[in-house]
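Reading through the structure tokens given below for one structure.
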Amino acid sequence: MRSLVPFTHGWLFNADYTAATIADQGAVGTAVTLPHTAVELPFSYFDETTYWRPFLYRKSFEFESGWAGKEVSLVFDGAMANSKVFLNGDEIASHQDGYTPFEVRLTGRLKVGSNLISVVLDGSENPRIPPFGGQIDYLTYAGIYREVWLKVVEPVSIGNVKIETPDALATEKTVTVRVTLSNPASAAFSGALVATIRDAAGAVIATVEKAVSSEEMSFSFTGLKGLTLWEPNAPTLYTLDVTFGGDKVIERFGFRTAEVTPEGFKLNGKPLKIRGLNRHQSFPYVGYAMGKSVQERDAEILKHQLHVNLVRTSHYPQSKHFLNRCDELGLLVFEEIPGWQHIGAAEWKAQAVDNVAAMIRRDWNHPSIILWGVRINESQDDHDFYAETNRVARELDSTRQTGGVRYITDSELLEDVYTMNDFILGNEELGGNRPRTALRPQQEVTGKNHNVPYMITEFGGHMYPTKIYDQEQRQAEHVRRHLDVLNAAYGDSSISGAIGWCAFDYNTHKDFGSGDRICHHGVMDMFREPKFAAFAYASQCEPDEDVILAPVTFWARGERNIGGVLPLLILTNCDEVELQYGNYPPKRVGPDREAFPHLPHPPVIVDRRHFSAEELGLWGMRWEAARITGYVDGKAVKTIHYADDPVPVELEVVADAAELDGSKKDSTRVIIRVKDQAGHKLPFLFDPVTISVEGPARLLGPSTVPLRAGATGFWIETTGGAGTVKVTVGLERLGSKTLAFSAN
Ligand code: GAL
């Protein structure tokens, strides 16, 4: 029997310790539960060097008699950045990557009675470990920030299962499986391995039984009929369970093909333009230390709120919970190794090559992952190094293409796909005398005289940082830039698609961002509240999926330079939009296909063309309320009102979940919005909000926070046990609201 149980509770944490504490079971420490961040940071303006040092985690546990004769180990899903693991004071393992899992074997070393696991975890930006050694424009934090598991298996167990679907598009399909056994004590073994494919409901599709004679074996299922493809809008998943000698492993997989070609990207043989965003896995206060439900929520936001079809896990392998959710949602993933511009010396490169292997071995069964990033993001060419990362990737996984993100032109193409960060838009130096250019033609970038598989992996970002509380006009330009690049990518069949920088604002080093330790590069802020640019992406989905009607305005006469709200950009997938200003005659305007000919859904742009001289002369008169209605197939599908005299009337407090799992550290986000009579956030309301939490949960971050652009957010996390959690949010001028959660 395999037992894999959370090893997340009952840890003691010491920010300061001596060598003697490592082995001291009785030493005091702060009780913590994983995932955990070593140093909680303020929202902004902090000293990021506070976590660049070692910390100690300890946990006592009792030997169980049932472990005799078994393999016992700990599986760390992720710890940043440099871990040394001790058992009863003896160092037994170390791991030098903050993003990939590692397993620590305890077998033969455990005492009967009480044992002590200690982890010395150094959060320093150790120049021997990727991504460190240069500067990076994001934070990596410190801590055992993902789960740890206690694994107990038979001496010979199932180590890894790799599933491939070589002819996914055929009517009769094949599934190829490679099972690697784990046999650390070189025990003798025999017996049979049984592998069963099931559909999502658990119904058996096929079973094979194989006599086992070696530690690695491959076999195939053939002629599988009636199976469904994994598609973005219907991501059908199957499971394969493998049993051997009382051990059982269940893996999920899907049938799909994915190929970037010189003529664009094809999923399941059909062209699909990639419309994506980059994601950092960080959150306010606790950095990387967010568990399953918050990781899953990010995938849901990308898929259902931002309506993108791909996410790039910039710049490292991200949480398995996030990737699992991408599989379930049909959200494509481009995953890459840790790194940022800097390439270190030989030992560092060897670690990066190991990171390629660790990433692929962890994640090769995810149907959502379509591309492996095997270059250090935005590094210079380095033939031998990248020949090796590509070789390792191809050897481990011949079914996926490699990419390697660069911003340099004429770069040596060792990968299958030229993945390019094209920051031409707004770049005087690169742009030269040419007119506003959204993307360069691929051959200008690659320096080749023929097209190659090509994808835009970043644009925007630092070229036009935009805060959620920035002036409307700046936000409108922010929107236009995202639209311009998407439009250019849609218009060029040799570009597979474009992945914007980035989904969410993120904390950063002093050397980057706005001085507040934030890169305001997201189309959403750090709470995942949308800026207007979020709707540049969302509005490209079809209205039967979600009707988007997002005018880029705060609806005020004097917010823009000179005044007025024109040109008014309305991000929408409606066929037509009607604007009614006060009691003046309504204007019906369609999408601006001239300005954005290639977008699936160009924005509606209402400007001076649509008004008479008399109407335009209304400036200086009374400001009026407005109504904007979207039409699809001639029917009104959504209406938005604007007040001419907005004042706060509603305190909205919404949580992502109503229930929390008290048996583990479970978190949920709460968003606070202060709205006017027409239901809009008050963009320049910065009043303080108070937050209190009662019951078995705690608040992450401070209990008094400002609204930012009329909204703010926070997360609560369970502290253990069942009960009712009450969260009360107060705003002096509107009173308070309480949400109740049940922790089970
Ligand atoms: C890129 C880099 C990203 C981020 C972005 C900001 O050069 O790859 O990590 O820094 O710029 O726009």
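The requirement of being within 22 Å of residue 485 (Cα to Cα), within 13 Å of the ligand (Cβ to nearest atom) and either open to solvent by less than 20 Å² (accessible area, probe 1.4 Å) or part of a strand (DSSP E or B) (or both) is fulfilled nowhere in the stretch 407-418; no residue meets it. Please go through the stretch 347-369 and give me each residue that is among the small types (Gly, Ala, Ser) and either within 18 Å of residue 249 (Cα to Cα) or open to solvent by less than 20 Å² (accessible area, probe 1.4 Å) (or both), ordered by number. Residues satisfying the conditions are 352, 357, 368.
Of the strands (runs of 3 or more DSSP E) contained entirely in the stretch 28-77, those carrying at least 3 residues that are closer than 12 Å to residue 14 by Cα and without any contact (Cβ under 8 Å) to a residue 40 or more places away in the chain fall at 30-32. Only residues that are touching a Lys or Arg at 6+ places or on another chain (Cβ under 9 Å) and among the aliphatic types (A, V, I, L, M) were counted across the stretch 105-123, and they come to 5. Here residue 402 fulfils each of the conditions (1) open to solvent by less than 10 Å² (accessible area, probe 1.4 Å); (2) within 16 Å of the ligand (Cβ to nearest atom); (3) modelled with pLDDT of 95 or more apart from (2).
Going through the stretch 442-463 one residue at a time, which ones are within 16 Å of the ligand (Cβ to nearest atom) and either surrounded by fewer than 19 Cβ atoms within 10 Å (Cβ to Cβ) or assigned to a helix (DSSP H, G or I) (or both)?
Across the stretch 442-463, the qualifying residues are 445, 461, 462, 463.
Determine, yes or no, whether residue 647 is assigned to a loop (DSSP other than H, G, I, E, B), among the β-branched types (Val, Ile, Thr), exposed (fewer than 14 other Cβ atoms within 10 Å of the Cβ) and at pLDDT 95 or above. Yes, satisfied.
Can you report the number of residues in the stretch 220-242 which are open to solvent by 60 Å² or more (accessible area, probe 1.4 Å), not in a strand (DSSP E or B) and not charged (D, E, K, R)?
3
Within the stretch 23-38, if we keep just the residues that are within 30 Å of residue 69 (Cβ to Cβ) and in contact with an Asp or Glu (Cβ under 9 Å, 6 or more places away or on another chain), the residue that is most open to solvent (accessible area, probe 1.4 Å) turns out to be 23. Here residue 342 fulfils each of the conditions (1) open to solvent by 10 Å² or more (accessible area, probe 1.4 Å); (2) within 16 Å of the ligand (Cβ to nearest atom); (3) touching a residue at least 60 places away in the same chain (Cβ under 8 Å); (4) not in a loop (DSSP other than H, G, I, E, B) apart from (4).
Checking every residue in the stretch 522-535 against the condition of being within 16 Å of the ligand (Cβ to nearest atom) and under 20 Å from residue 607 (Cβ atoms) gives at least one match.
Out of all the residues in the stretch 524-560, which are surrounded by 23 or more Cβ atoms within 10 Å (Cβ to Cβ), part of a loop (DSSP other than H, G, I, E, B) and in contact with a His (Cβ under 6 Å, 6 or more places away or on another chain)? Result: 533, 539, 540.
Condition first: assigned to a loop (DSSP other than H, G, I, E, B) and surrounded by fewer than 22 Cβ atoms within 10 Å (Cβ to Cβ). Now tell me which residues in the stretch 114-124 satisfy that. Full working, then the answer.
Let us first name the residues in the stretch 114-124 that are assigned to a loop (DSSP other than H, G, I, E, B), namely 123-124.
Listed by number, the list holds a single entry, 124.
Looking across the stretch 243-277, just one residue is at positive phi and buried (at least 22 other Cβ atoms within 10 Å of the Cβ), and that is 264.
Contact map, the stretch 648-665: first residue charged (D, E, K, R), second residue assigned to a loop (DSSP other than H, G, I, E, B) and open to solvent by 20 Å² or more (accessible area, probe 1.4 Å), Cβ cut-off under 7 Å, separation 6 or more or different chains; pairs are 659/744; 661/744; 665/33. Scan the stretch 479-502 for residues that are open to solvent by less than 10 Å² (accessible area, probe 1.4 Å), within 16 Å of the ligand (Cβ to nearest atom) and not in a strand (DSSP E or B) and the total you get is 3. Identification of strands (runs of 3 or more DSSP E) wholly contained in the stretch 579-641 with 1 or more residues that are free of Cβ contacts under 8 Å to residues at least 60 places away in the same chain and surrounded by fewer than 19 Cβ atoms within 10 Å (Cβ to Cβ) yields 587-589, 626-632.
Scanning the stretch 505-519 for residues that are out of contact with any Leu (no Cβ under 9 Å at 6 or more places or on another chain), open to solvent by less than 10 Å² (accessible area, probe 1.4 Å), more than 17 Å from residue 295 (Cα to Cα) and within 12 Å of the ligand (Cβ to nearest atom) returns a single hit, 519.
Against the test of being open to solvent by 10 Å² or more (accessible area, probe 1.4 Å), under 23 Å from residue 602 (Cβ atoms), modelled with pLDDT under 95 and aliphatic (A, V, I, L, M), the options 425, 439 yield a single qualifying residue, 425. Count, please, the residues in the stretch 195-219 that happen to be exposed (fewer than 14 other Cβ atoms within 10 Å of the Cβ), touching a strand residue (DSSP E or B) at 6+ places or on another chain (Cβ under 6 Å) and touching a residue at least 12 places away in the same chain (Cβ under 8 Å). Total meeting the criteria: 5.
With the condition kept exactly as written, say whether any residue in the stretch 378-394 is open to solvent by less than 30 Å² (accessible area, probe 1.4 Å), within 16 Å of the ligand (Cβ to nearest atom) and assigned to a loop (DSSP other than H, G, I, E, B). Within the stretch 378-394, one or more residues are open to solvent by less than 30 Å² (accessible area, probe 1.4 Å), within 16 Å of the ligand (Cβ to nearest atom) and assigned to a loop (DSSP other than H, G, I, E, B). Is it the case that some residue within the stretch 317-330 is within 16 Å of the ligand (Cβ to nearest atom) and not polar (S, T, N, Q)? Yes, that holds for at least one residue. Filtered by the rule that a residue be farther than 12 Å from residue 734 by Cα and of a type in the set (Val, Ile, Thr), the stretch 654-676 gives 654, 668, 670, 671, 672.
Contact map, the stretch 477-501: first residue on the phi > 0 side of the Ramachandran plot, second residue within 13 Å of the ligand (Cβ to nearest atom) and open to solvent by less than 10 Å² (accessible area, probe 1.4 Å), Cβ cut-off under 8 Å, separation 6 or more or different chains; pairs are 497/456.
Residues in the stretch 78-113 that are open to solvent by 20 Å² or more (accessible area, probe 1.4 Å), of a type in the set (S, T, N, Q) and part of a loop (DSSP other than H, G, I, E, B): 88, 96, 107.
If you filter the stretch 3-22 down to residues that are assigned to a helix (DSSP H, G or I) and in contact with a Ser or Thr (Cβ under 9 Å, 6 or more places away or on another chain), you find that the one that is surrounded by the fewest Cβ atoms within 10 Å (Cβ to Cβ) is 21.
Within the stretch 395-412, residues that are more than 10 Å from residue 364 (Cα to Cα) sit with their Cβ atoms under 8 Å from residues that are within 13 Å of the ligand (Cβ to nearest atom) and of a type in the set (Lys, Arg), at 6+ positions apart or across chains, in these pairs: 403/375; 404/375; 405/375; 406/375.
The values are calculated or read from the model by the stated rules, or taken from the named source; none is laboratory data. Quantities reported herein were computed from a predicted structural model and do not represent experimental measurements. Heads up, the Cβs are rebuilt from the backbone with ideal geometry, glycines too, and the neighbour counts pull from every protein chain shown. Note: areas computed on protein heavy atoms with side chains; ligands, DNA, RNA excluded. Shrake-Rupley method; radii C 1.70, N 1.55, O 1.52, S 1.80 Å.
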